[in-house]
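Report on the structure given below.
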Amino acid sequence: MPIKILSPELASQIAAGEVVERPASVVKELIENSLDAGASTVSVTIEEAGRRLIEVADDGHGIPAAEVPLAIERHATSKLHSADDLFRIGTLGFRGEALASIGSVAKLTLTSHTKNDDAATRMVVEGGIAQAPQQVGAPQGTVVRVENLFYNVPARLKFLKKDVTERRRIDALLTRYALAYPDVRFKLIQNGQAKLQTSGNGDRRAILATLYGVDVAKQLLEVNAAEDPSTGSGQVRLTGFISPTSLTRSNRREITFFINGRWVQDISLSTALIQAYHTLLMVGRYPLAAVFLDLEPAAVDVNVHPTKAEVRFQDPQRMFSFVQRSVRKAILAYTPVPQMGIAPPALWTERPSTQSGIDPAWKFAGEAGNQVIRNQESGNQKLGDSQSLSPNAQLPNNELPSIKMPLLRLVGQIGSVYIIAEGPDGLYLIDQHAAHERVLFERLMAQRDANTISSQKLLQAEVVQLPPAQATLLEDQLAVLQKFGFEVEAFGPNAFQVRAIPTLFTGANPAAALRVLVEDFEGDETPLQEKIEERIAARVCKRMAVKGGQTLSSAEQESLLRDLENCESPRTCPHGRPTMIHLSVDMLERQFGRTGPR
Ligand code: ADP
Ligand code: MG
């Protein structure tokens with residue numbers, strides 16, 4: 001094809017793609033404009049996950065009537081005038097692209113009223129074509145309505161995720177901005193339902209309480225650290241909230257960084273924060289955090305990404321260590337010093353740390369112990385191989401051998417983590433948590449298949465408050481939960497009432513069960529529908545199973561062994577990790593030099 005200049009329409013759609021990727025990116029641009037305009041109230045209304053309508057209304061300073069037509073032009077901004085300004089940006093916007101981009105891929109109606117104009121001015125842009133401005137009546141401030149997003153870019157529409165996912169992104173976005181701007185009143189309405197409302201009274205902990213519930217909010221630790229200019233590129237300050245070591249999540253999603261009032265996704269900063277918890281959290285657990293890093297505008301370049309989601313620091317090393325030190329200090333200030341000054345032996349960590357699932361402590365002299373054990377295992381009794389140990393192991397584990405185990409004689413518990421048992425062919429070291437997980441999982445699935453799941457009514461219904469994004473997720477899974485014997489129903493915005501739990505879990509904490517479900521689901525963008533039930537069951541069982549570190553009575557140890565023997569696949573937990581390590585008589589004899597190598 002010959003080279004041709006793109007039509008202005010097509011060129012602007014291409015440019016728009018950089019800024020407006022999905023409904024949540026429109027919401028982000030519009031909220032940022034409201035904040036830049038000094039708004040004290042920002043109301044967001046969403047219909048059909050933003051495909052049908054996104055409306056953001058604010059009470060900011062508005063746009064002068066004469067400038068309204070300019071506002072929707074590309075590269076038109078009131079926030080930047082010279083190249084120098086670019087290196088000390090104090091506003092959220094500066095590229096002058098958002099309104100033009102949105103107007104080229106949707107129908108945009110901008111209505112704005114400053115205190116100096118007699119009337120409001122309204123302008124409509126549809127697919128990049130602007131109509132003449134009109135005078136209308138409207139209060140001071142700005143309302144931007146975006147209808148039929150991507151109506152003229154079907155390819156983009158196809159890339160959008162399920163409604164629930166797109167809605168969740170918007171929920172999460174509003175949640176974060178509400179936290180970052182506690183002096184601004186935010187309101188989010190999705191499909192006529194209020195998802196979030198803050199008071200704007202400046203109290204961040206109160207916002208955290210509406211998001212996570214009062215209990216969690218109370219536990220969060222405050223960070224407040226500053227470092228002097230003398231040490232580097234200007235003063236830096238870190239404020240906000242982090243979780244104590246007792247409060248964790250299964251993914252990094254609840255770690256939020258704002259840099260100079262801008263929500264950014266910076267891997268290195270969240271790594272610094274996670275590292276501050278080093279050795280204090282169990283493997284695979286992450287803290288919650290909402291922290292605000294403030295530094296001189298000149299010390300950070302925000303113009304590196306079209307959606308401004310990434311930044312570049314003048315001195316990244318300094319930022320990394322500043323964040324790490326400040327967070328560590330806050331954790332230690334609140335964390336009681338452990339009674340014993342010595343770390344527990346490596347063997348007693350929650351999970352075996354090596355790839356093979358066999359802890360280094362079990363390596364035998366000479367050759368690599370793992371190898372020895374492997375080789376000695378008779379072929380059909382091999383433990384799940386290393387591929388079943390990968391963190392992404394998928395359910396169900398049909399590929400793994402579902403070999404029954406022999407009858408075992410209980411020897412006892414060690415380190416409150418493992419159970420030792422003797423079988424006809426040697427010694428078995430059983431991970432009590434993984435084993436119990438397996439037992440619960442098989443029972444739950446068997447009950448489901450036989451339609452015999454029974455629920456236990458709670459004496460007192462428990463109310464669980466969730467952040468809006470997680471609430472949206474849970475709503476989606478209520479039917480599946482019901483199937484498994486949970487009686488859960490919506491209880492006001494973002495709150496759920498648990499009235500009954502499966503009898504299998506009698507005595508367990510229902511709120512914890514619910515929370516773990518949603519937080520684990522957050523990791524999946526589009527869980528396969530047919531696997532959802534298995535995954536939900538596996539996750540609930542994981543949370544409900546006895547933990548490593550829990551001392552079990554002999555009777556409990558005994559019954560765990562018996563239950564495990566009755567399992568279809570006793571050798572792995574529902575997530576594919578081994579429940580047991582087998583030390584065969586043969587191998588023991590060789591290791592003790594009682595028989596020569598074959
Ligand atoms: P940018 O925010 O990068 O300047 P936008 O396309 O988002 O670019 O907006 C263009 C201009 O329109 C802004 O510079 C600002 O002057 C004006 N504007 C947009 N939204 C608002 C608002 N909610 N209140 C006041 N002015 C606004
Ligand atoms: Mg803008």
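The values are calculated or read from the model by the stated rules, or taken from the named source; none is laboratory data. Computed from a prediction, not measured in an experiment: that's the story for all the values here. A quick note on method: Cβ atoms are made from the backbone with ideal geometry, for glycine too, and the neighbour counts reach across all protein chains shown. With ligands, DNA and RNA removed, areas are computed over all heavy atoms of the protein, side chains included. Shrake-Rupley method; radii C 1.70, N 1.55, O 1.52, S 1.80 Å.
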### Query
Hey, rough spin-label estimate for Arg253 and Ile5, points 7 angstrom out along Cα→Cβ, what's it come to in nanometres?
4.7
#### Entry: Contact order relative to length of the chain, as percent, for alpha carbon pairs under 8 angstrom and 6 or more apart
12
### Query
Which length gain, in nm to one decimal place, applies between Leu70 and Ala309 when the Cα-Cα distance is subtracted from 0.36 nm times their residue separation?
83.5 nm
### Task
Please work out the ratio of the alpha-carbon Rg of segment 8-201 to 2.2 N^0.38 Å and round it to two decimals.
0.98
### Query
Looking at segment 3-72, which trypsin sites (Lys or Arg not before Pro) are in a loop (DSSP not H, G, I, E or B) and have at most 14 other Cβ atoms within 10 Å?
Lys4, Arg52
### Query
Hey, got the dipole for the chain? About the Cα centre, +1 on K and R Cβ, -1 on D and E Cβ, debye to the nearest 20?
660
### Query
What number, rounded to the nearest 500 deg cm²/dmol, is the helix-based mean residue ellipticity at 222 nm of the chain, given -39500 (n - 2.57) per DSSP H run of at least four residues and division by all its residues?
-10000 deg cm²/dmol
### Query
What whole-number value in Å² describes the accessible area per residue of the chain for a 1.4 Å probe?
47
### Task
Give the span of segment 110-213's Cα atoms along each principal axis, as three whole-Å numbers ordered largest to smallest.
48, 43, 22
### Query
What net charge do the residues around Gly234 carry, taking every other residue with its C-beta under 12 Å from that of Gly234, with Lys and Arg at +1 and Asp and Glu at -1?
-2
### Pairwise label distance in nanometres, Val463 with Ser82, each label 7 Å out on the Cα-Cβ vector
5.7
### Task
Determine the share of segment 8-201's accessible area contributed by carbon and sulfur atoms, expressed in whole percent, with a 1.4 angstrom probe.
51
### Counted charge near Glu126, where neighbours are those whose Cβ lies closer than 14 Å (Asp, Glu -1; Lys, Arg +1)
+1
### Query
When all protein chains stay in place, what accessible area (Å², nearest 10, 1.4 Å probe) is found for His61?
110
### Task
Beyond 39 Å, what share of the Cα-Cα pairs of the chain is found? Please give it as a whole percent.
42
### Message
Suppose a student asked you for the relative contact order of segment 8-201, using Cα pairs under 8 Å spaced at least 6 residues apart; what percent would you report?
### Response
26
### Query
At what distance in nm do the modelled label points of Arg325 and Gln497 sit from each other, each positioned 7 Å from its Cα along Cα→Cβ?
5.2
### Message
Can you sort Met282, Met580 by solvent-accessible area, 1.4 Å probe, largest first?
### Response
Met282, Met580
### Message
Can you tally the net charge around Thr114? Count Lys and Arg as +1, Asp and Glu as -1, for every other residue whose Cβ sits under 13 Å from the Cβ of Thr114.
### Response
-4
### Query
So, with a 1.4 angstrom probe, what is the percent of accessible area on segment 211-334 that is carbon and sulfur?
52
